[in-house]
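Here is the structure we will look at, set down as structure tokens.
Each reported figure results from applying straightforward, stated rules to the coordinates on display, with no laboratory input. The structure presented is a predicted model; accordingly, all values stated were derived computationally and were not measured. Cβ: placed from backbone, ideal geometry, glycine included. Neighbour counts: every protein chain shown.
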Amino acid sequence: MGVVLGPLVVGAVYAGSTGLTGVFAMLGVVALLGALVAATFCEETAGRWLEEVSP
């Protein structure tokens with residue numbers, strides 16, 4: 001879904017009044033949100049056997 005919506009959203013932001021600065025700001029915000037979600041909901045698996053972490 002991101003592959004379809006990404007170019008449309010980037011084009012709309014670029015065509016708006018913010019220009020290239022707005023595009024990079026939007027991409028930064030999306031990356032920050034992804035990092036926060038991963039840090040909050042992902043399980044740490046370092047040093048654990050596969051059998052411990054697989055359902």
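A few notes on this one:
- Equivalent ellipsoid, the chain (semi-axes from 5 times Cα gyration tensor eigenvalues, Å): 36, 13, 7
- C-alpha long axis of helix 19-41 to longest principal axis of the chain, angle in °: 20 degrees
- Among the chymotrypsin sites (Phe, Trp or Tyr not before Pro) found in the chain, those both in a DSSP coil and sparsely packed, with 11 or fewer other Cβ atoms within 10 Å of their Cβ, are 49.
- Rounded to whole Hz, the Karplus (6.51, -1.76, 1.60) HN-Hα couplings of the stretch 42-53, x for glycine and proline: 7, 9, 6, 10, 5, x, 10, 6, 4, 5, 6, 9
- Between amide H atoms placed 1.01 Å from N, distances below 5 Å from residue 18 occur with no residue 5 or more places distant or on a separate chain.
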